[in-house]
Each structure stands twice: as structure tokens, then as C-alpha cells.
Amino acid sequence: MPTHLFVYGVLREGLGDWPFLAGLGPGRAATTPGAIFAIPDPAGWYPALVPGEGAVTGALRACGQVDLAAVDAFEGPDYARRAVPVLVEGQTIMADAYIWVAPLPPGAARIDHGDFARWLAETGRSPLSSR
């Protein structure tokens, strides 16, 4: 059972109201190795974290009493929850994150600076609001 979850997209605080995250601890700024892509959807944009060069910005949150099976179901078959190294407050710890495992769809945009929330603000695009 994981004790921490690294969130980097619509599950970050301030990017959506997801009832299945009730009980998740407050986030601490963190990064993990990889590349991030913005995926278009009629309901808004969402990110895909893939292994690779670069750093992805997000937050490390304590899992608390969260039912991760509900989060797994929300993320769907294009993601797999895996342990990744996360740099937080100068320390590296292992935490679960949702890694994109499907082919990237047409229209996927690489976010070179690695921060989905910043990309949304810069582009004026809206995050996924429901699925």
C-alpha cells in the first residue's frame, strides 16, 4: 500500500474538485524525472507523464484514507500507477504516480518546462473537468 502519491495534473490542488480524493493530505512541491504531454479532450486538457528526459513538476501528497482503486478507475486504462522517485524538499523518496502507457494521441503537446498547471495558465486552456 503506497503512502504517498505524486500528482502532476488535474489531481493537483486547485485544478479540480474530485470527491474520490477526500482524505488525501496537502501537497508539497515536488518533481519527478520524465516528460509531460498535454492531451486534448472535449471536456478539457489533461496531462500524460512518460518516462524520459526532463523533470515533471507536481505535488507529493500523503495517501491518507484515499481509496486508490477509485483513483485508478478515474485514470483509466491509459495510465498505470507505478512507484517513481520524487524529489521533495531536497530528499528523494519513492511515491506512486500515474504513468501514461498508451500511444500518445494526435494533438498531444509536449510541455517542455514540465509543469502542466503553468502550461494551462500560459495557454489559457482549461483542465479536464469531468470524465
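What follows is calculated from the coordinates using simple rules that are stated; it is not laboratory data. Keep in mind that what you see is a predicted model, and the values were worked out from it rather than measured. Because the Cβ atoms are built from the backbone with ideal geometry, glycine has one as well, and the counts that use them run over all protein chains shown.
Where is the GNM fluctuation largest for the chain (alpha-carbon springs, 10 angstrom cutoff): Glu53, Glu13, Glu75? Of Glu53, Glu13, Glu75, the Gaussian network model singles out Glu53 as fluctuating most. Over the chain, Cα pairs under 8 Å with separation of 6+ residues give a relative contact order of 35 percent. Extents of the chain, largest first, come to 35, 30, 26 Å (Cα atoms, principal axes, whole angstrom). What the Cβ-Cβ distance of Glu13 and Asp112 gives, at R0 = 25 Å and to the nearest 0.05, is a FRET efficiency of 0.60. Within the shell defined by Cβ-Cβ distances under 11 Å, the residues around Phe6 carry a net charge of +4, with Lys and Arg each +1 and Asp and Glu each -1. Would you look at the GNM of the chain, springs on alpha carbons closer than 10 Å, and say which of Ala38, Ala69, Ala80 moves the most? Largest GNM mean-square fluctuation: Ala69. Within the listed set Gly107, Gly64, Gly27, the Gaussian network model of the chain (springs between alpha-carbon atoms below 10 Å) gives the highest mean-square fluctuation for Gly107.
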